[in-house]
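Trainee: So that we are looking at the same thing, I have put the structure below in C-alpha cells.
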Amino acid sequence: MAVPSGDQKPESYYVGVDVGTGSVRAALVDQRGTLVAFAEQPINQWEPQFNHHEQSSEDIWAACCVVTKKVVQGIDLNQIRGLGFDATCSLVVLDKQFRPLPVNHEGNSHQNIIMWLDHRAVSQVHRINETKHSVLQYVGGVMSVEMQAPKLLWLKENLRETCWDKAGHFFDLPDFLSWKATGVTARSLCSLVCKWTYLAEEGWDDSFWKKVGLEDLIADNYSKIGNQVLPPGASLGNGLTPEAAKDLGLPAGIAVAASLIDAHAGGLGVIGADVRGYGLACEEQPVTSRLAVICGTSSCHIGISKDPIFVSGVWGPYFSAMVPGFWLNEGGQSVTGKLIDHMVQGHAAFPELQAKATARCQSVYAYLNSHLDLIKKAQPVGFLTVDLHVWPDFHGNRSPLADLTLKGMVTGLKLSQDLDDLAILYLATIQAIAFGTRLIIEAMEAAGHSISTLFLCGGLSKNPLFVQMHADITGMPVVLSQEVESVLVGAAILGACASGDFSSVQEAMARMSKVGKVVFPRHEDKRYYDKKYQVFLKLVEHQKEYAAIMKGD
Ligand SMILES: Nc1ncnc2c1ncn2[C@@H]1O[C@H](COP(=O)(O)OP(=O)(O)O)[C@@H](O)[C@H]1O
Ligand SMILES: O=C(CO)[C@H](O)[C@H](O)COP(=O)(O)O
C-alpha cells in the first residue's frame, strides 16, 4: 500500500467514521478524496415499545473501533493526519462520571441513546410548539419530535429519578464520539444549531429553556448540554487521547475534528465538486443552486444560501452549521430507505424474492429492478404505476408539511400477491419518495432558493432506479459522486481540516469531492409524472379530510 518512491512525499491520509442508523462505516481517504479502504459493522437497535427506538453508546463506540482498526491495517500510521466523525443526531445520556444512563422504564443502562427517529415525545413537542417561542422560527416554524428538546423534556417528565436527576451530560451522538476520542466535551456548532436551538451568533436563549420547563439545563452555564461550541472541522484539544488511540488502532495525538451530523457530512462530501464538462446548469451558477440529498434510512435535503431563508416546514435557516459563512435549510423525509425495506419485506412474495435474488447473487433491489425491466415491455418503467399510488409518510411528515400525525397511504391494491405485484409496489414507493422530494424543493424555491441540480448520496443512491426516478420526477439532473460512500468523504474532510492540511472547509471540499456520474431526467415522461404528482397531492388532501370526518360528531 502507498509506498513512496525516491523523494516523493508520502501520501497523507484521513480517517472518516460515519455512524448511520443501521451500521458504522469507516474509510481511509487520501488528499484527493479517494477511498483507499472501507469497512462496515452493523449496530444494534432496540424498540422496547412502538415508537421508542434506542441504541447503546458503548456498542457504537466498539463498532467504531472495529471498523477503524480494519481500514488502517497494513498502512504506515505516521501517514494518518486526522480523524473526523459524523453520526445520526441521536441523544446520548451519561451520568456525572460519564457512565451510560438508561433512557427506558426497564432501567437498562446499556440502552442509553434515544434515537433520532424515536417519536416518544409527542406530547412534549406539542407543548413546546404551543409556546411559539422565537427560536422556533429557526427550525422551520415548528419543532420536530426528532429534535433534542422534546426528548429531554420526556426524560425529565418520565424518568426523573433513574435518569434525569443523575444525568451529567447530554450529547448529540456526533459530539459523544469526538468526546470519546479526545476527552473534550466541546460541542459542534452543527449539532447544537440543527437540533438543540442554539443560535450561531446569539448562543443559547435562556427564555426558551425556562418557557418549556427545562430551566435546570441553564445551570452552570449549560454545562450538561454544552458551553464550548466549535465549528465543524476545528481541531479538538490535544487530539486523540492515548486510551482512544489504543481502542481505535491509531496514533495518539493525531488531530480530531469537531463533528457533523451524518446528513451534513454527506452534504460536505458532495456539494463542492468541480462540475465542469458535464453540461450542467450549475456549472455557471453559484454553489447555492445545488441541493444535496442524503438518502439512507431517512432522506435529508440540504440547500445553502448567502442570506437566511425562512421556509415553513423546512428546518433552518441554520448559520455556518455545514459550510462556514453560509446559511442552510434542511428538508427531510423521516423514512425512505426504511420505508422501501418495510414495503418489500412485508409483502407476501418477499421470501420468493429473497430466494431468487440469492440464487443470482444479487441484492433484492437489483433483482427487483431487473424484474421491472422484464415486465415493463416497451413502455418506460415508471409507467407501470399508472393506477398504483403511494403517500410515503408512514412515520409522519418531516418536510414541508411538518405534521407527525400523517400516515402512509396506498391506493390501487389488487388481489394478487406475486412478484410482479411486489415489484410494482416497490416502484410506486420509490416514486412517492421522489414526489416528496419534489414537494420539498417546491417549498424551498417558493421561499427564495433557486435550485437546478441534485447531488445524491447515501445507501439509496446505490439504487439506479431511485436515482432515475428522482431525476424524472423533479426534472433535475442528479450528480453522483465518484465515491459512493460520500458521507465518509465528508467525515474525512473534517479530519483533513483539523489536521491543518487545508486552509478552509471550502478548499477541502473542492479538492476532495469529485463527480462520478450524472443522470439526466427523461423529459419525454414529464406529462405522466405531472399527472401522478397531482394524484400525490390529492392523497394528502384526502387523508386530512378523512381525519376531519372522523373527528366530527
Ligand atoms: N445496494 C443497494 N441497492 C439499493 N438500495 C440499497 C443498497 N444498499 C442499501 N440500500 C438502501 O439504503 C438504505 C440504507 O442506507 P444507509 O445510507 O446505509 O443508511 P444509514 O446511514 O441510515 O444506516 C437501506 O434502507 C436500503 O433501502
Ligand atoms: O435528522 C437527520 C439529519 O439531520 C437524519 O435523518 C438522521 O441523522 C438519520 O440519518 P440516516 O438516515 O442517514 O441514518
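The values are calculated or read from the model by the stated rules, or taken from the named source; none is laboratory data. As the structure is a computational prediction, the values presented were derived from the model and not from experiment. Neighbour counts are summed over all protein chains in view; Cβ atoms, including those assigned to glycine, are modelled from backbone coordinates with ideal geometry.
Trainee: Count, please, the residues in the range 320-338 that happen to be more than 23 Å from VAL519 (Cβ to Cβ) and away from ligand 1 (no atom under 16 Å from the Cβ).
Mentor: The total comes to 10.
Trainee: Answer with yes or no whether LEU248 is closer than 30 Å to ALA63 by Cα and either in contact with a Leu (Cβ under 7 Å, 6 or more places away or on another chain) or away from ligand 1 (no atom under 16 Å from the Cβ) (or both).
Mentor: Judged against the criteria, LEU248 is a match.
Trainee: Now for a different question. Would you please list the contacts, defined by Cβ atoms under 9 Å and residues six or more apart or on different chains, that run from a residue in the range 38-55 that is acidic (Asp, Glu) to a residue that is surrounded by 18 or more Cβ atoms within 10 Å (Cβ to Cβ) and part of a strand (DSSP E or B)?
Mentor: These pairs meet every condition: GLU40/VAL24; GLU40/ARG25; GLU40/ALA26; GLU47/GLU54; GLU54/ILE113; GLU54/ILE114.
Trainee: If you don't mind, another one. Name the residues in the range 320-346 that are in contact (Cβ under 8 Å) with a residue 60 or more places away in the chain and away from ligand 2 (no atom under 16 Å from the Cβ), would you?
Mentor: Within the range 320-346, PRO324, MET343, VAL344 meet the criteria.
Trainee: Continuing with the same structure: Which of the residues that make up the range 339-355 are within 16 Å of ligand 1 (Cβ to nearest atom) and of a type outside the set (A, V, I, L, M, F, W, C)?
Mentor: Within the range 339-355, ASP341, HIS342, GLN345, GLY346, HIS347, GLN354 qualify.
Trainee: Under the condition of being of a type in the set (Gly, Ala, Ser) and over 20 Å from GLN55 (Cα atoms), which residue from the range 84-137 is surrounded by the most Cβ atoms within 10 Å (Cβ to Cβ)?
Mentor: Applying the first criterion (of a type in the set (Gly, Ala, Ser)) to the range 84-137 yields 84, 87, 90, 107, 109, 121, 123, 134.
Of the ones still in play, those that are also over 20 Å from GLN55 (Cα atoms) are 84, 123, 134.
On the way: GLY84: 35, SER123: 13, SER134: 11.
Within the range 84-137, the match that is surrounded by the most Cβ atoms within 10 Å (Cβ to Cβ) is GLY84.
Trainee: Hey, another quick one. How about the range 280-319: which of its residues are away from ligand 1 (no atom under 16 Å from the Cβ) and touching a Cys at 6+ places or on another chain (Cβ under 9 Å)? Talk me through it step by step, then tell me what you get.
Mentor: Step one: filter the range 280-319 for residues away from ligand 1 (no atom under 16 Å from the Cβ), giving 280-291, 303-319.
Answer for the range 280-319, where residues must be away from ligand 1 (no atom under 16 Å from the Cβ) and touching a Cys at 6+ places or on another chain (Cβ under 9 Å): SER289, ARG290, TRP315, GLY316, TYR318.
Trainee: Limited to the range 145-162, what total is found for residues that are in contact with a strand residue (DSSP E or B) (Cβ under 9 Å, 6 or more places away or on another chain) and crowded, with 22+ Cβ neighbours inside 10 Å?
Mentor: Looking only at that region, the number is 7.
Trainee: I would also like to ask the following. How many of the residues making up the range 322-346 are more than 21 Å from LEU230 (Cα to Cα), part of a loop (DSSP other than H, G, I, E, B) and not small (Gly, Ala, Ser)?
Mentor: 2
Trainee: While we're looking at this one, here's another question. Quickly run through the range 480-493 and pick out the residues that are assigned to a helix (DSSP H, G or I) and either surrounded by fewer than 21 Cβ atoms within 10 Å (Cβ to Cβ) or away from ligand 2 (no atom under 16 Å from the Cβ) (or both).
Mentor: If the condition is that a residue be assigned to a helix (DSSP H, G or I) and either surrounded by fewer than 21 Cβ atoms within 10 Å (Cβ to Cβ) or away from ligand 2 (no atom under 16 Å from the Cβ) (or both), then ALA492, ILE493 are the ones that fit.
Trainee: The conditions are (1) modelled with pLDDT under 95; (2) within 16 Å of ligand 2 (Cβ to nearest atom), and GLU201 fails exactly one of them. Which is it?
Mentor: (2)
Trainee: If you check every pair at least six apart or on different chains, which have Cβ atoms under 6 Å apart with a residue in the range 157-184 that is assigned by TED's automatic domain parsing to the domain that holds ASP95 first and a residue that is acidic (Asp, Glu) second?
Mentor: Short answer, once both residue conditions are applied: LYS166/ASP95; GLY168/ASP95; PRO174/ASP86.
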